[in-house]
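Undergrad: Here it is, the structure in full.
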Amino acid sequence: MHHHPCNRKSITVVSFFFLLYLSLHNPQTIEARNPSQFTINPSPDVVNISEIKRHLHRFGYLPRNNNDSDAVSFEQALSRYQKNLGLPITGKPDSDTLSHILLPRCGFPDDVEPKTTAFHTGQKYVYFPGRPRWTRDVPLKLTYAFSQENLTPHLTPTEIRRVFRRAFGKWASVIPVSFIETEDYVVADIKIGFFGGDHGDGEPFDGVLGVLAHTFSPENGRLHLDKAETWAVDFDKEKSTVAIDLESVAVHEIGHVLGLGHSSVKDAAMYPTLKPRSKKVDLYIDDVDGVQSLYGTNPNFTLSGLLASETSTNLADGTMIRSEGLIYSTLSTVLVLGLLHF
């Protein structure tokens with residue numbers, strides 16, 4: 001979606017949302033600050049109900065034949081959206097919900113088949129419908145390659161390869177799967193490329209921000225990134241306010257390649273949104289538990305290694321970010337891991 005600043009006089013947010021919610025069929029608008037605009041005085045963006053509904057349609061919350069006047073369905077869809085993104089569940093287009101709707105994100109739908117294993121009731125990860133996974137000879141080895149015709153002008157091929165090597169390494173460290181780079185794009189299991197607009201897979205990209213990337217379920221292996229984005233590996237060098245960290249997106253999309261859906265845990269790599277000039281490159285316990293339920297545990301995986309990774313400091317445009325409540329979350333899962341894998 002593309003949004004444009006306006007100069008309308010601000011009104012009381014609560015009363016405006018209430019009136020808007022009661023009159024969904026009217027072409028009223030909601031004013032909200034665009035979280036992707038990191039300026040001192042960002043301009044407000046206008047989001048109307050039809051745009052919110054398009055977002056809910058796009059990511060699996062409303063059926064295509066939904067009646068525009070069906071306020072009940074709209075409220076239910078918003079409630080599911082809020083639940084899946086770990087937001088307060090109000091069923092209304094409140095400010096938290098609008099902020100997330102405006103954020104850049106992965107193009108994979110959120111509303112997919114939930115996990116059903118009793119041991120995992122405390123976790124928030126989900127799978128693709130049908131729970132597909134890669135089924136090859138053990139030990140499992142997957143090859144990946146980059147399209148030489150579809151790269152980004154913002155990074156060199158060497159930088160791109162280095163980023164993906166690290167990203168694949170994150171997942172390989174927790175499951176018994178190895179990822180091997182190959183030059184043969186045609187026969188590679190995982191095919192990576194930067195594409196613009198309608199690129200022939202039925203999922204066209206939408207330009208700067210909006211959808212950042214999308215991936216198909218196992219064993220398809222296509223991993224596509226939006227060529228329109230300002231992809232970055234170093235925010236000290238790339239000063240654009242809309243720069244997107246490539247490694248963060250790569251880690252997320254590889255999770256989809258392996259069969260994971262989106263998590264509602266905001267610290268998880270599989271959470272669907274990512275702010276410009278921010279980084280989320282480490283796996284969270286929710287990511288690890290989910291992918292190990294599909295492939296088992298890497299024999300060299302240790303809880304202490306995960307703790308060290310999760311508590312590491314990420315630098316995002318000079319800002320230090322540290323996960324909170326991590327030790328409690330991780331230690332509470334160690335017994336679950338033991339029951340599952342021993």
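What follows draws every value from the coordinates through simple rules; no lab data is involved. What you see is a predicted model, and the numbers here were worked out from it, not measured in a lab. All Cβ positions, even for glycine, are placed from backbone atoms using ideal geometry, and neighbour counts span all protein chains on display.
Undergrad: Which parts of segment 265-308 would a label at Arg166 reach, counting a residue when its backbone N lies under 12 Å from a point 7 Å out along Cα-to-Cβ?
TA: 279-282
Undergrad: While we're looking at this one, here's another question. List the GluC sites (Glu not before Pro) in segment 206-308 that DSSP assigns to loop (not H, G, I, E or B) and whose Cβ has at most 16 other Cβ atoms within 10 Å. Which are they?
TA: Listed in order of number, the matching sites are Glu219.
Undergrad: Greater than 27 Å separation of Cα atoms is the criterion. Which listed pairs, Lys92/Lys266; Lys239/Lys266; Lys92/Lys227; Lys83/Lys191; Lys83/Lys237; Lys237/Lys275, meet it?
TA: Checking Cα-Cα distances, Lys92/Lys227; Lys83/Lys191; Lys83/Lys237 exceed 27 Å.
Undergrad: Out of all DSSP beta bridges with both ends in segment 182-294, state the antiparallel percent to the nearest 5.
TA: Beta bridges within segment 182-294, antiparallel portion: roughly 25 percent.
Undergrad: Got a sec to turn the phi values of segment 194-199 into Karplus ³J(HN,Hα) couplings, 6.51 cos²θ - 1.76 cosθ + 1.60 with θ = phi - 60°, whole Hz, x for Gly and Pro?
TA: Rounded to whole hertz, the list is 9, 10, x, x, 7, 10.
Undergrad: Exactly which GluC sites (Glu not before Pro) in segment 144-201 are in a DSSP loop and have at most 10 other Cβ atoms within 10 Å? Walk me through the numbers before you get to the answer.
TA: Working: sites: Glu149, Glu159, Glu181, Glu183; in loops: Glu149, Glu183.
Here the sparse-neighbourhood loop sites are Glu149, Glu183.
Undergrad: Write out the trypsin sites (Lys or Arg not before Pro) in segment 165-249 meeting two conditions: DSSP loop, and at most 16 other Cβ atoms within 10 Å of their Cβ.
TA: Answer by residue number: Lys237, Lys239.
Undergrad: For Leu87, Leu274, which order do you get if you count the other beta carbons within 10 Å of each Cβ and list the fewest first?
TA: Values: Leu87 18, Leu274 21.
Lowest count first: Leu87, Leu274.
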